[in-house]
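**Q** One structure, as structure tokens, below. Some questions next.
Just so you know, all these numbers are worked out from the coordinates, no wet-lab data involved. All of these numbers come straight from a predicted model, not from anything done at the bench. Don't worry about glycine lacking a Cβ; one is built from the backbone with ideal geometry, like all the others, and counts go over all protein chains shown.
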Amino acid sequence: MSFGLVVPIILLALTWSESVRGQSSPQESFMVQYFERRMTHLEERLNQCEANAASMTQRFYDLTSEFRGQLSALTAVKSEVRTQLESMSSRVDRVEGELEYLENKIPAPQNIEIDETLLEQQVMDAELEQLKKKAKLKLNNDCSTALSAVKSLKIVKKVGDTHGSWFHDPTPGSSKVYFLSGLRNNTVLEYASVKSFTEGSTSPKVVKLPSHWQGTGHVVYKGFLYYHKADTPNQIVKVRLPNGTHADTMLLPGAGRLPAYSLNPNTYLDMAVDELGLWIIHADPEYAGNLVITKLDPDSLALEHTWDTLCRSRGAEGAFLICGTLYVVYNTRYGGRSSVQCLYDIHDTIHSEESPVLFFPKRYTSHTSLYYHPQDKQLYAWDDGYQTIYKVETQRKEDQVSFGTE
């Protein structure tokens, strides 16, 4: 029954009940009350139906609006996908054209015959090139000396932070001293000489770097500063010291994942200079955390050669090179008497297992940096905040290398 028919019936029933109420018997009066209750119930249900109809209308409107929004978003996605497909199609067409061009330029595979003799020759040439690089390093400057003892100790000064580095420029004829305090900074102090640094009679030249360094593994070579750039895993920066301008940069493959020395956890890349030139020392987790040394071309920063050593980084506080031989210095976590307990010679002339332990002069502290100066045969060390110099003794590698043990 439709709502339009129910309403007149209800009105008719009410009118009839009013007319009957005045002239009815008790039974008729009971019937009238019954019909009135039924009419009231029907009216309530009618109101509920109207409310449900209004609610359904609102829900339908909301669903329609949501559907329209999703349909609009779907249309936008469809347009984007169509654009990407058209772009992909054009790229595929371009690649097909390039492949067709290469096929016309390059003969078919069945027409190419691989000469095994030629391949063998290429392998031999590559191996020969590696041997030439090693021979070049070996013959350079007739460098055949080895460390035999670390002798006298001289405390030059105590200034700056607990961690830092200081060193000479090993370029022949240069007497300048460079001072880098802290584990992270961008300021270098340049002194005219060790005497000037010690006495402090003249103010140093302040050089501002284009970026901050990290750790204590810096070095100066031929008027350029080389350092590990802060907030990078393996980036080496080369800076012109006269004006502090950027000269070059390079990334050292495989480096920066492990500190070079476990007792100096902030130094990941340690630069070094010896008679053969510029080096980088770092630890490689793929070789059980052992140290790796890389020879660099100081002009182009190109990698000349890399050697994996058996010297562990665990327990080490620093290292230096003399004539292509790496000497690793070990200590205790709380500071003790430093000692060289492992070495690696790129020329395979001397071997670590045949060399006794070399102790430093008695001083129970720890080093945060060690730099060998190939001209004056001295080690410049940062010893628990003290700037220290050690005199070293060397002898020819052909002789039986005997480390002094004081």
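**Q** HN-Hα J couplings of region 59-71 from phi, Karplus 6.51/-1.76/1.60, θ = phi - 60°, integer Hz, Gly and Pro as x?
**A** For region 59-71, the Karplus-derived couplings read 5, 4, 5, 5, 5, 5, 5, 4, 4, 4, x, 5, 5 Hz, x marking Gly and Pro.
**Q** Of 157/295; 176/362; 157/195; 238/397, which ones are farther than 21 Å apart at the Cα? Before the final figure, lay out each step's value.
**A** Working: 157/295 32 Å; 176/362 29 Å; 157/195 11 Å; 238/397 33 Å.
With Cα atoms farther than 21 Å apart: 157/295; 176/362; 238/397.
**Q** Using 0.36 nm per residue of separation minus the Cα-Cα distance, give me the extension gain between residue 184 and residue 240 in nm, one decimal. Working shown, then result.
**A** Details: separation 56, 0.36 × 56 = 20.16 nm, distance 1.91 nm.
My answer for the length gained is 18.3 nm.
**Q** Is the shape of region 321-404 rounded, prolate or oblate, going by the alpha carbon gyration tensor and its root eigenvalues a ≥ b ≥ c, with a/c under 1.5 for rounded and a/b larger than b/c for prolate? Each step should come with its number before you reach the end.
**A** Working: a/c = 2.10, a/b = 1.51, b/c = 1.39.
Here region 321-404 falls in the prolate category.
**Q** Under 1.5 on a/c is rounded, so check that first for region 131-396, then, if it is not, pick prolate when a/b is larger than b/c and oblate when it is not; a ≥ b ≥ c are the square roots of the alpha carbon gyration tensor eigenvalues.
**A** On the way: a/c = 1.31, a/b = 1.15, b/c = 1.14.
The shape class here is rounded.
**Q** On to the next question. Using each residue's phi in region 334-349, evaluate 6.51 cos²θ - 1.76 cosθ + 1.60 at θ = phi - 60° and report the 3J(HN,Hα) Karplus result to the nearest Hz, with x for Gly and Pro.
**A** Result, ordered by residue: 9, x, x, 8, 5, 8, 8, 10, 8, 9, 9, 9, 5, 8, 6, 8 Hz.
**Q** What does the charge add up to near residue 254, with Lys and Arg as +1, Asp and Glu as -1, over the other residues with Cβ less than 11 Å from its Cβ? Provide the component values of the computation, followed by the final result.
**A** Values: positive: 257; negative: 284, 286, 308.
Result for the neighbourhood of residue 254: -2.
**Q** Among the chymotrypsin sites (Phe, Trp or Tyr not before Pro) within region 21-62, which fall in a DSSP loop and have no more than 13 other Cβ atoms within 10 Å of their own Cβ?
**A** Of the chymotrypsin sites (Phe, Trp or Tyr not before Pro), not one in the loops of region 21-62 has a Cβ with at most 13 other Cβ atoms within 10 Å.
**Q** Sequence-distant or interchain residues sharing an amide H contact under 5 Å with residue 193, placed H: which?
**A** Amide H to amide H, under 5 Å and 5 or more residues apart or across chains, residue 193 pairs with 177.
**Q** Moving on to the next point. Mind listing P(r) for region 183-323? All alpha-carbon pairs, 10 Å bins, whole percents.
**A** 12, 41, 34, 12, 1
**Q** Taking H placed 1.01 Å from N in the peptide plane, check which residues at least 5 places from residue 276 or on another chain put their amide H under 5 Å from its amide H.
**A** Here 323, 324 satisfy the definition.
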